[in-house]
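Engineer: Submitted below is the structure of interest, expressed as structure tokens.
The values are calculated or read from the model by the stated rules, or taken from the named source; none is laboratory data. Computed from a predicted structure; not experimentally measured. Every residue, glycine as well, gets a Cβ built from its backbone with ideal geometry; the counts of neighbours run over all protein chains shown. All accessible areas refer to the heavy atoms of the entire protein, side chains included, with ligands and DNA or RNA removed. Shrake-Rupley method; radii C 1.70, N 1.55, O 1.52, S 1.80 Å.
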Amino acid sequence: MRITSLVTRITRQMLRDRRTLALLFFAPLLILTLMYFIFHSEASDLKIVVTGSNENIAEALKQADFQVTVAKHFSKESMAKNNIDGWLQFENGNMKLTLLNDEPSRSKAVQMQLAQGLQGDANNPSIDAHYVYGDADTKIFDIFSPMLVGFFVFFFVFLIAGIALLKERTSGTLERLLVTPIKRYEIVAGYVIGYGLFALIQTIIVVLYAVNVLDIVLVGSIWLVLLTNILVALVALSLGTLLSSFATSEFQMVQFIPLVIVPQIFFTGIFPLDGMADWLQQIGKIMPLYYASDALNGIMYKGLTFAEVVMDLLILLAFAVVFITFNILSLKKYRAL
């Protein structure tokens, strides 16, 4: 009888908590659906540009399943701009292969398919390989590690800021503030700056530890890496405090992780984006971590400059401004000023 009463109470409590029910039944379906479309995406064909060759070579490469472009003039800058996997040059009887190497797996695939496509021609010289990004020893982790730095900054700032502000509200501190003449924007600014100082310290520690202790690849400026991660922390801070206004307990705050954090992981570049359907790529472009990962990978692995990642940084700043604005507006339900 006592067990029945306990089961009945838990059942009624769960039925009243619609957010928990949605997490229990809807979130797994959402994530499984995303994983289905992502893992069923077809890898894009390897693109290669050939200069100084003849039609026989180009035809052989097409037979090896390359997207082949024959050109008179080409450059490494054009490779990066047009996302070309390889550039095969024939000069004075020598063969030179330049690999973009933004994804080491694709570079290895280019070399394997190229060897197969040209193996029937005994007159071809050995291939001398060069790299735009990285080198022959580049590992997959070298590509993922900059994205992971941004992800962990985002995740922990989001979680800690959201739970901290939730405690402020449930303990009555926020309500006591709201009965004073203080303005809504002053409250939000105070919380953002206050928690932001600790987020800044955490960001600096994470970046310095990743670069100096773990020896994560860093080709570009560490100051630019810090700036990017500070913007990531600001976005996470403003988003975490915003979503905390819709939670009534720490458990409900944690419930936002599979709905807000997990889907963003799929669009950080860990999974190739080129092969995804267009509509799926557009979904990724409304997620902050998409731009954070693009900027960090560009700076740390490719050595891009501020001018080359400024658009990603501006979009991150825009996310933060939008979330902070919504934070100010969300306080209206507690007090109209």
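Engineer: Tell me, please, whether a residue that is free of Cβ contacts under 8 Å to residues at least 12 places away in the same chain and assigned to a helix (DSSP H, G or I) can be found in the range 261-278.
Structural biologist: yes
Engineer: Out of all the residues in the range 191-207, is one or more of a type outside the set (Lys, Arg), surrounded by 12 or more Cβ atoms within 10 Å (Cβ to Cβ), on the phi < 0 side of the Ramachandran plot and not in a helix (DSSP H, G or I)?
Structural biologist: Within the range 191-207, none of the residues are of a type outside the set (Lys, Arg), surrounded by 12 or more Cβ atoms within 10 Å (Cβ to Cβ), on the phi < 0 side of the Ramachandran plot and not in a helix (DSSP H, G or I).
Engineer: Now for a different question. Given the options ASP142, ASP65, ASP102, ASP137, name the one that is within 27 Å of LEU273 (Cα to Cα), modelled with pLDDT under 80 and under 24 Å from the mean Cα position of the chain (by Cα).
Structural biologist: The unique qualifying residue is ASP137.
Engineer: I'd like the residue in the range 7-44 that is of a type in the set (D, E, K, R) and not in a helix (DSSP H, G or I) and, out of all such residues, is modelled with the highest pLDDT.
Structural biologist: The extreme case among them is ASP17.
Engineer: Of all the residues that make up the range 267-278, how many are touching a Phe, Trp or Tyr at 6+ places or on another chain (Cβ under 9 Å) and either modelled with pLDDT of 80 or more or open to solvent by less than 30 Å² (accessible area, probe 1.4 Å) (or both)?
Structural biologist: The qualifying residues number 4.
Engineer: Within the set of pairs 6 or more residues apart or between chains, which connect a residue that is open to solvent by 30 Å² or more (accessible area, probe 1.4 Å) inside the range 298-312 to a residue that is assigned to a helix (DSSP H, G or I) with Cβ atoms less than 7 Å apart?
Structural biologist: Qualifying pairs under 7 Å: LEU304/GLY298; PHE306/LEU224; GLU308/GLY298.
Engineer: Another question, then. Pairs needed: first member in the range 246-260, among the small types (Gly, Ala, Ser); second member anywhere, surrounded by fewer than 16 Cβ atoms within 10 Å (Cβ to Cβ) and assigned to a loop (DSSP other than H, G, I, E, B); C-beta distance under 8 Å; at least 6 residues apart or different chains.
Structural biologist: Sorted first by the residue in the range 246-260, then by its partner, the list stays empty.
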